[in-house]
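This report concerns only the one structure given below.
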Amino acid sequence: LAPKPLLGQRVLITAGPTFEAIDPVRGITNLSSGKMGFAVARAAREAGAEVTLVAGPVHLPTPRGVQRIDVSSAREMHAAAVQQAQEAHVFIATAAVADWRPASPAEHKIKKDGSGQVPQLSFVENPDILAGIARSPRARTGELYCVGFAAESENLQANAQAKRARKGVPLLVANIGPATFGRDDNALLLVDEKGVVELPHASKRVLAQQLIAEIARRVAGDVI
Ligand code: C5P
């Protein structure tokens, strides 16, 4: 394998959780650490790519040579990703995007008034960033290669294939094993039209390098 298999390629990555405001001081988020996405960004850069990392609120240093765009909400992540995708050759969606956001966040802090009444929240669905970008003309013609992630716990392979079809992406990567959030290791199952490749248990750093190598081979069109 060439030492820089992604030389000349622009790679876009979303990573981390999103934060959905309830009021100016409260919100809803999830336990994604962003570690896998940041490791993928580093590996893509080391493979020679020009990397843009759209990151939700995480506590991680920016990998060397990577352009980072910090966002908070799913809608901000969506806007940044859609814009960056116009120029990208590969899009890897590792972010744990909130499925829903509070329908109408309060302009001022919601006060506890002592009456025992609790606020009633209602939600609206967030845009599916990956599915949306995968439907874009450049993705459909193969100019932009889209990769999704999934955290499945049962029926891994079948669910991963179903999600690959639902999202309309050529490659879907399933996290194997429970509760990978925040950990430094993982195992991955890569599902594409040809079948399944397993990347056995390893550090996220090593897995990210292996994943980038697998993606580079598919982008170059030499997977048999
Ligand atoms: O549907 P589910 O959330 O399991 O799909 C996971 C994949 O879709 C991940 O690649 C994630 O980054 C992406 N996704 C997204 N926007 C959403 C929800 C998921 O890009 N609103």
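Looking at the range 142-150, is at least one residue of a type outside the set (Gly, Ala, Ser) and away from the ligand (no atom under 16 Å from the Cβ)?
Yes: one or more hits.
For residue 80, only one of the following conditions fails: (1) within 27 Å of residue 42 (Cα to Cα); (2) within 16 Å of the ligand (Cβ to nearest atom); (3) touching a Phe, Trp or Tyr at 6+ places or on another chain (Cβ under 9 Å). What is its number?
Tallying (1) within 27 Å of residue 42 (Cα to Cα); (2) within 16 Å of the ligand (Cβ to nearest atom); (3) touching a Phe, Trp or Tyr at 6+ places or on another chain (Cβ under 9 Å), residue 80 fails exactly one: (3).
Can you spot a residue in the range 124-134 that is modelled with pLDDT under 95 and either more than 21 Å from residue 15 (Cβ to Cβ) or within 16 Å of the ligand (Cβ to nearest atom) (or both)?
No, because not a single residue in the range 124-134 is modelled with pLDDT under 95 and either more than 21 Å from residue 15 (Cβ to Cβ) or within 16 Å of the ligand (Cβ to nearest atom) (or both).
Can you tell which of 61, 57, 3 is in a loop (DSSP other than H, G, I, E, B), more than 14 Å from the ligand (Cβ to nearest atom) and within 14 Å of the chain's Cα centre (by Cα)?
Within the list 61, 57, 3, the selection yields 57.
Could you list, ordered by first residue, the pairs with Cβ atoms under 7 Å in which the first is in the range 196-224 and more than 22 Å from residue 156 (Cβ to Cβ) and part of a helix (DSSP H, G or I) and the second is among the polar types (S, T, N, Q) and modelled with pLDDT of 95 or more, at least 6 apart or interchain?
Hits for this filter: 219/9.
Could you tell me which numbered condition residue 73 fails, if it satisfies all but one of (1) surrounded by fewer than 24 Cβ atoms within 10 Å (Cβ to Cβ); (2) touching a residue at least 40 places away in the same chain (Cβ under 8 Å); (3) farther than 23 Å from residue 125 by Cβ; (4) small (Gly, Ala, Ser)?
Tallying (1) surrounded by fewer than 24 Cβ atoms within 10 Å (Cβ to Cβ); (2) touching a residue at least 40 places away in the same chain (Cβ under 8 Å); (3) farther than 23 Å from residue 125 by Cβ; (4) small (Gly, Ala, Ser), residue 73 fails exactly one: (3).
Any residue that is more than 13 Å from the ligand (Cβ to nearest atom) and over 20 Å from residue 203 (Cβ atoms) - is there at least one of those in the range 31-47? Outline the logic, then answer.
Going residue by residue through the range 31-47, those that are more than 13 Å from the ligand (Cβ to nearest atom) are 31, 33, 35, 38-39, 41-47.
Among the residues that remain, those that are also over 20 Å from residue 203 (Cβ atoms) are: none.
Within the range 31-47, not a single residue is more than 13 Å from the ligand (Cβ to nearest atom) and over 20 Å from residue 203 (Cβ atoms).
If we only count helices (runs of 4 or more DSSP H) wholly inside the range 79-195, which ones have 2 or more residues that are within 13 Å of the chain's Cα centre (by Cα) and surrounded by 15 or more Cβ atoms within 10 Å (Cβ to Cβ)? Let's see the steps before the verdict.
Details: elements: 129-134, 137-140, 156-167.
In the range 79-195, 129-134 are the helices (runs of 4 or more DSSP H) which contain 2 or more residues that are within 13 Å of the chain's Cα centre (by Cα) and surrounded by 15 or more Cβ atoms within 10 Å (Cβ to Cβ).
In the range 89-116, what residues are acidic (Asp, Glu) and either more than 9 Å from the ligand (Cβ to nearest atom) or over 30 Å from residue 174 (Cβ atoms) (or both)? Steps first, answer last, please.
In the first step, residues of the range 89-116 are kept if they are acidic (Asp, Glu); the result is 99, 107, 113.
Once the filter is applied, which keeps residues that are acidic (Asp, Glu) and either more than 9 Å from the ligand (Cβ to nearest atom) or over 30 Å from residue 174 (Cβ atoms) (or both), the range 89-116 yields 107, 113.
The values are calculated or read from the model by the stated rules, or taken from the named source; none is laboratory data. What you see is a predicted model; the values in this text were computed from it and never measured. Don't worry about glycine lacking a Cβ; one is built from the backbone with ideal geometry, like all the others, and counts go over all protein chains shown.
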